[in-house]
Structure formats: C-alpha cells, structure tokens
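The values are calculated or read from the model by the stated rules, or taken from the named source; none is laboratory data. Quantities reported herein were computed from a predicted structural model and do not represent experimental measurements. Using ideal geometry, Cβ is built from the backbone for each residue, glycine included, and neighbour counts are taken over all protein chains shown.
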Amino acid sequence: MRPVPAAAGHQYSRKSIKKVMSSSTQTKTLSEEQIALFAASLKDFAAFRMALAKESDRGCALFAAAYLDKALADLLKSFLVKHKKLDEEMFGSQSPAGSFSSRIKLAYYLGKIAPSERRDLDTIRSIRNEFAHHAELLSFEDQSIRDRCANLTHNWRDPGASAKTKFNAAVSALMIRLVSERITATPAVEAQEKPLPTNIQEMGRALRAALDADKEADGDDR
C-alpha cells in the first residue's frame with residue numbers, strides 16, 4: 001500500500017488513516033482528497049505535539065488552548081457557506097464566533113461536538129484563563145488545576161499520571177476528533193434567491209384580517 005508522508009520520519013498508510021478516521025467519525029468511505037488532507041493534518045499535529053512537550057506549564061496551557069481554538073474555527077468554517085467575508089463577519093474578534101467560548105457553544109449547538117467534548121473544551125479554556133490572568137507562578141500541580149485535569153473525560157492516561165500529562169492527552173484526543181469531523185464535513189450551500197409569491201398582496205390582506213379578528217376576540221373576552 002502506498003504510504004502517505006508524515007512528520008518526524010513516520011509514514012501513515014491509507015489503511016491506518018481510514019482506521020483512525022472511522023473510529024473517530026464512524027465514517028467508512030473516504031476520498032483520496034480526504035485521506036491526503038488528514039495526512040497533512042497529522043503532520044501538523046505531530047509538529048504541534050513536539051512543540052507542546054517543550055513548553056513551560058503556562059506556555060503549554062496557552063499554546064494548547066490556542067491550537068484547539070483554531071481547530072474549532074476551522075471545523076465551523078467547514079460547515080458554513082463559503083464567502084469572502086466569512087472570516088470578518090463570523091470569526092473576527094467582535095463577531096458571533098470570535099472567541100474560544102463562543103466557538104465551543106456554536107459547535108455544540110450545531111451538533112458537531114458531544115456534551116463530554118464541550119465540557120472538556122470548557123475545562124481547557126478555564127485552565128488557559130487561569131494561567132493567562134494570573135501573574136504569579138502557576139503549575140499544573142496547583143490544586144485547582146490538578147483537579148480540573150483529573151476530571152477531563154478525554155484523558156486516556158493512567159490515573160497516576162501527572163496533571164500536565166492528562167491535560168496533553170485530552171488535548172490530543174480532542175484535536176483528532178475536531179480534525180476528523182472537519183475533514184468529513186459537507187459545507188452549506190448558499191440559498192438561491194426566490195421570487196415573492198404572486199399572491200403576496202392577498203396573503204397580506206388575509207393576515208391583517210386574522211390579526212383584526214384576534215383583537216376583536218380579545219376585546220370581547222374583557
């Protein structure tokens with residue numbers, strides 16, 4: 001089987017990529033384009049994990065959250081109508097999906113992430129905020145941060161693993177899910193213009209008559 005190039009000297013076969021994709025998205029049929037895109041995403045992810053391992057605790061929390069934030073934005077964009085102003089109108093700093101928090105909510109209410117994934121993303125966001133908004137020296141072994149890491153659903157490490165290890169494990173699992181969901185997405189199609197009904201005036205008169213009748217009925221009830 002012809003392998004797909006990957007990072008750090010590794011190669012991902014199409015069979016192994018399909019196995020990962022099907023386990024995380026329950027999708028069995030993948031196009032060559034989707035396989036190539038997933039291979040490229042794996043390469044980026046491998047580079048991210050290598051960089052993350054070298055970060056301080058504060059850098060790890062900020063870097064991981066920023067990476068997941070972008071992954072959520074990419075996921076949401078994959079389902080939306082393609083438009084030149086999409087980034088500006090939906091993902092700018094003052095836009096509906098302009099923050100990590102709003103992207104988590106939007107992905108959840110669109111049915112793109114599960115409740116447990118939403119909880120873990122919110123937990124990672126709260127840990128990010130803890131490190132970002134406090135000038136004093138913090139670590140993953142601080143009690144409040146350690147407790148939150150212990151409650152991450154997508155941590156696949158042993159219970160005795162360090163809080164930072166559990167955090168990184170959950171980040172990795174969530175990244176695979178978000179990337180898999182994005183690659184198998186079907187973007188929305190811009191709605192076609194539709195002419196007004198030919199009987200629009202008649203419909204308006206009927207609506208006004210119905211409203212007037214309701215008002216009269218309300219008056220009789222008094």
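Checked against (1) on the phi < 0 side of the Ramachandran plot; (2) in contact with a helix residue (DSSP H, G or I) (Cβ under 8 Å, 6 or more places away or on another chain); (3) at pLDDT below 90; (4) not in a loop (DSSP other than H, G, I, E, B), residue 8 passes all but a single condition, namely (1).
Please enumerate the residues belonging to the stretch 170-222 that are aliphatic (A, V, I, L, M), within 17 Å of the chain's Cα centre (by Cα) and surrounded by fewer than 19 Cβ atoms within 10 Å (Cβ to Cβ).
173, 185, 188
Say whether the condition of being surrounded by 20 or more Cβ atoms within 10 Å (Cβ to Cβ), under 29 Å from residue 53 (Cα atoms) and free of Cβ contacts under 8 Å to residues at least 24 places away in the same chain is met by at least one residue in the stretch 113-131. No, that holds for no residue.
Could you tell me which of the residues 71, 40 is closer than 24 Å to residue 107 by Cα, at pLDDT 80 or above, under 22 Å from the mean Cα position of the chain (by Cα) and outside the structural domain of residue 135 (by TED's automatic domain parsing)? Just a single option satisfies the conditions, and that option is 40. For the stretch 74-110, the set of residues classified as among the hydroxyl-bearing types (Ser, Thr, Tyr), outside any helix (DSSP H, G or I) and either modelled with pLDDT of 85 or more or within 11 Å of the chain's Cα centre (by Cα) (or both) consists of 99 only.
Here residue 91 does not fit the description of being closer than 24 Å to residue 187 by Cα, in contact (Cβ under 8 Å) with a residue 24 or more places away in the chain and not acidic (Asp, Glu).
Just so you know, in the stretch 151-177 the residues that are out of contact with any helix residue (DSSP H, G or I) (no Cβ under 7 Å at 6 or more places or on another chain), assigned to a helix (DSSP H, G or I) and of a type in the set (A, V, I, L, M) include one that is farthest from residue 112 (Cα to Cα), and it is 169. All conditions but one from (1) more than 29 Å from residue 146 (Cα to Cα); (2) at pLDDT 85 or above apply to residue 56; the one that does not is (1). Please identify the pairs in which a residue from the stretch 34-49 that is farther than 19 Å from residue 66 by Cβ has its Cβ atom under 8 Å from the Cβ atom of a residue that is of a type in the set (S, T, N, Q), counting only partners at least 6 apart or on another chain. Correct list of pairs: 34/184; 38/180.
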